[in-house]
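Comments concern the structure below.
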Amino acid sequence: MKSTVEQLSPTRVKINVEVPFDELKPNFERAYRKIAQQVRIPGFRPGKAPARVLESRIGRAPVLDEVVNEVIPAKYMEAVRAGEVRTLGQPEFEVTKLEDREVLEFTAEVDIRPEITLPDFDGFAVTVDDVDLTDTEVDEQLDELRARFGTLTGVERPAENGDFVSIDLAATVDGAEVEDASTTGLSYEIGSGQLVDGIDEAIVGAAAGETKTFTTQLVAGEHAGKDAEVSVTVQTVKQRELPEPDDEFAQLASEFDTLDELKADLRERLAKVKKMQQGVQARDKILEELLERTEVPIPEKVLEGEIENRKHDAIHQFEHDEAAFAKALEAEGKTVEEFDAEVREESEKAVRTQLLLDTIADNEKTSVNDGELTERIMYQAQRFGISPDEYVQRAQQSGQLTAIYADVRRGKALAGVVRKATVTDASGAEVNLDELFGAPEEAPTEVTEAAEETPVTVEAGATDGK
């Protein structure tokens, strides 16, 4: 086999492959066996008809088709490895010459990872917010803890914000009942924002047994984007009574004996969270500066795929009803054209980010160990509310395990750049990055998820030919 690589652009190549028929004998043997199993020829058992008999019965063309369809992907991968081409996405094949018993020639156009010149990481300097912790924030944390141990008590008064109500819901669109939007005995905390817009205003002031009606726009289901008339009947009203914030509560809710000890622990935990937020802020600012300093050519096919994926995800919740989706955008004060422009901008940044971080990871020889991969899987499983085993099974079925590995690797690569930067808070004090990121060999999930908000279109490994 002979192959050459023709550079079409910084992000795309054409691979030319020439395969002599002498190399295709094993492929023809497999093709004959496969076709023989499918064709019934008198006098021969299934799969036993000789090649010459098969060709006389069905012709040479089906055999050639079978061979070509098998050979092209295999020889393409051989050419990719031989040329050390770092491919992205799926190639576009074209058979340019097929001379039976002589030669097969084909081309494959495919996007590639561009060559990226990295800036000097030692010159990065960013400023992050101070760790400013107030007593009010500590009290809010304490109130949230008290709420977990609160009790619900029925009250004989109209519903107020923060109350828990049991409600019945019914909705109609153009006079027709919407079954998906109807339910009975639903428990709801007023003000939580977990139901449709307008329901809180309708319920507040309503007593048990009262029915209120309001108009809202449905955001999911068959009628997504349409206005619905909703009636809500309040069955019961309960208020949450919180335990007194005292030493007895501290002993009930924690391992501490006094309220002061509990509040001190809450303050320490909040301080750690705010320090972690400093790390996230530093990471994001340095990533922005990296993107500003670095020219990253974007593979067009990869970008098109990313845009398509994002649009698909956005319209999927509207049952792919473009009219309903457009109406929902209108309710947000946005046009379809503006949405398309935003998606393109976000997609371009996402693809550039991944290509840049992959290059940094290659340059720094960043690797991912089993513990780091397991940590990410555990984190993601918790986010989706499923077991780690189920998450891994879903990832395997969807072919996303390679993407998960790539995300962790990108996060570690970016964390390495952040460690080399000068990070100070708003007061001018230098921020200790070791407290945020751990030792240099560590990569805590909380901080290094640089690709968490980016897609997995650009997968190093699954599509990288190197």
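The values are calculated or read from the model by the stated rules, or taken from the named source; none is laboratory data. Computed from a predicted structure; not experimentally measured. Virtual Cβ from ideal backbone geometry, glycine too; neighbours counted across all protein chains shown.
Out of everything in the stretch 121-174 that is surrounded by 18 or more Cβ atoms within 10 Å (Cβ to Cβ), in a loop (DSSP other than H, G, I, E, B) and in the same structural domain as S187 (by TED's automatic domain parsing), what residue ends up being farthest from the chain's Cα centre (by Cα)?
Checking each candidate, the answer is A159.
For the stretch 281-293, check the following and say yes or no: at least one residue is farther than 12 Å from R352 by Cβ, free of Cβ contacts under 8 Å to residues at least 60 places away in the same chain and under 22 Å from the mean Cα position of the chain (by Cα).
Taking every residue of the stretch 281-293 in turn, at least one turns out to be farther than 12 Å from R352 by Cβ, free of Cβ contacts under 8 Å to residues at least 60 places away in the same chain and under 22 Å from the mean Cα position of the chain (by Cα).
Are any residues in the stretch 291-348 of a type in the set (G, A, S) and surrounded by 14 or more Cβ atoms within 10 Å (Cβ to Cβ), and if so, which ones?
G305, A314, A324, A326, A328, S347
Kindly indicate the residue of the stretch 175-196 that is part of a strand (DSSP E or B) and not hydroxyl-bearing (S, T, Y) and also farthest from V232 (Cα to Cα) among those meeting that condition.
Here the answer is A176.
Filter the stretch 383-407 down to residues that are under 17 Å from D370 (Cβ atoms) and either polar (S, T, N, Q) or in contact with a His (Cβ under 7 Å, 6 or more places away or on another chain) (or both), then give me how many there are.
Qualifying residue count for the region: 2.
Mind listing just one residue for me: the one in the stretch 436-461 that is at pLDDT 60 or above and in contact with a helix residue (DSSP H, G or I) (Cβ under 6 Å, 6 or more places away or on another chain) and, of those, nearest to L118 (Cα to Cα)?
F437
Between a residue in the stretch 177-206 that is among the aromatic types (F, W, Y) and any residue that is modelled with pLDDT of 85 or more and surrounded by 11 or more Cβ atoms within 10 Å (Cβ to Cβ), which pairs come within a Cβ distance under 9 Å, given they are 6 or more apart or on different chains?
Pairs that qualify, where the first residue is among the aromatic types (F, W, Y) and the partner is modelled with pLDDT of 85 or more and surrounded by 11 or more Cβ atoms within 10 Å (Cβ to Cβ), are Y188/F164; Y188/V165; Y188/S166; Y188/I167; Y188/L195; Y188/I199; Y188/I203.
I'm told E372 meets every condition in (1) surrounded by fewer than 19 Cβ atoms within 10 Å (Cβ to Cβ); (2) part of a helix (DSSP H, G or I) except one. Can you identify the failing condition by its number?
Exception for E372: condition (1).
Report, by residue number, each residue of the stretch 207-219 that is in contact with a helix residue (DSSP H, G or I) (Cβ under 8 Å, 6 or more places away or on another chain) and touching a residue at least 24 places away in the same chain (Cβ under 8 Å).
Within the stretch 207-219, Q217, L218, V219 meet the criteria.
Name, by its number, the condition in (1) under 16 Å from the mean Cα position of the chain (by Cα); (2) loosely packed, with under 13 Cβ neighbours inside 10 Å; (3) among the basic types (K, R) that does not hold for K365.
(1)
Contact list please: Cβ distance under 9 Å, first residue in the stretch 14-32 and without any contact (Cβ under 8 Å) to a residue 24 or more places away in the chain, second residue part of a helix (DSSP H, G or I) and surrounded by fewer than 16 Cβ atoms within 10 Å (Cβ to Cβ), pairs at least six apart or on different chains.
Listed by first residue and then by second, the contacts come to E29/A51.
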